[in-house]
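First up is the structure itself, then whatever we jot down about it.
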Amino acid sequence: MVPGARLIVLGKQGAGKGTQCVRLSRHYVIPHISTGDMLRAAVKQQTDLGREATRYMDAGELVPDELLLSMLDRRLAQDDTRGRGFCLDGFPRTAAQAEALDGLLAPFELDVVINLEVPTKLVLGRLASRRVCVDCGANYSTFAPPKVDWICDICGGEVVQRPDDTEAAITRRLDLYEKETAPLISWYSRSNRLIGVDGEGSPDEVTDRLIRAIDEQRRPRAGE
Ligand code: AMP
């Protein structure tokens, strides 16, 4: 395993992107950057960005780029991401964001874009049963809850249902995914950066599949 990588994981909400990005970031020793987690932290801290973003997030709408891009630019400019790379989760979600990302990363390029493929029927069930830690973002479900009374096994935070995991917001997010995010799959495959990975199965099975596919696809980087 060669540490360091610039990865994006695309996929519908509920495809398991968050869980798999955490695992990939541990494997490749890279930061996990989730725009959803960053926005939820801003909401919790009641920053100006958080106050603006809440109404979009709760309705399942996309937060406007002018709010999001400077937040991401600051994160990507930090030493850890410049030096080692990242596993980007929840960004880009539109063609305009994908183009902006190439600009933010220059002179570096993405190594691999993964499309984590899971049928819609399956993600609907996963989203309805999903529960998350308000502090560290760890994912649980009503079928696999934390060991003690909705207290996070990892950090002791409270484990709750996300405010945007309502039926209306889930439907809106899946519509937006089809309209805005799914076209990115052909956009990235035209530049030979995309690999499709089957996201069905246990988390361990999916992680093994992802690592195999990434290692196969990854071009050796200069100096490594
Ligand atoms: P996620 O945790 O990735 O499902 O994101 C939760 C919510 O944050 C989304 O439904 C959007 O409202 C907002 N959000 C996260 N990432 C983006 C993005 N790349 N563009 C616009 N809005 C985003």
Against the definition (under 15 Å from the mean Cα position of the chain (by Cα) and touching a residue at least 40 places away in the same chain (Cβ under 8 Å)), how does residue 105 come out, yes or no?
no
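Each row is one residue, and each column tells you yes or no for (1) under 29 Å from residue 209 (Cβ atoms); (2) of a type in the set (Phe, Trp, Tyr); (3) more than 9 Å from the ligand (Cβ to nearest atom); (4) crowded, with 17+ Cβ neighbours inside 10 Å.
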site	(1), (2), (3), (4)
5	yes, no, yes, yes
9	yes, no, yes, yes
13	yes, no, no, yes
16	yes, no, yes, yes
47	no, no, yes, no
66	no, no, yes, no
70	no, no, yes, no
85	yes, no, yes, yes
114	yes, no, yes, yes
Kindly indicate which of 211, 170, 185, 151 is among the β-branched types (Val, Ile, Thr) and closer than 23 Å to residue 30 by Cα.
211
For segment 188-211, name all the residues that are open to solvent by 80 Å² or more (accessible area, probe 1.4 Å), among the basic types (Lys, Arg) and at pLDDT 95 or above.
none
For segment 20-35, state whether one or more residues are within 11 Å of the ligand (Cβ to nearest atom), outside any helix (DSSP H, G or I) and open to solvent by less than 50 Å² (accessible area, probe 1.4 Å).
yes
Can residue 188 be described as under 24 Å from residue 75 (Cα atoms) and of a type in the set (Phe, Trp, Tyr)?
yes
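The values are calculated or read from the model by the stated rules, or taken from the named source; none is laboratory data. Quick caveat: nothing in here was measured; it's all calculated off a predicted structure. In this analysis, Cβ positions are derived from the backbone assuming ideal geometry, glycine residues included, and neighbour counts consider all displayed protein chains. Surface areas here come from the heavy atoms of the whole protein model, side chains and all, with no ligands, DNA or RNA. Shrake-Rupley method; radii C 1.70, N 1.55, O 1.52, S 1.80 Å.
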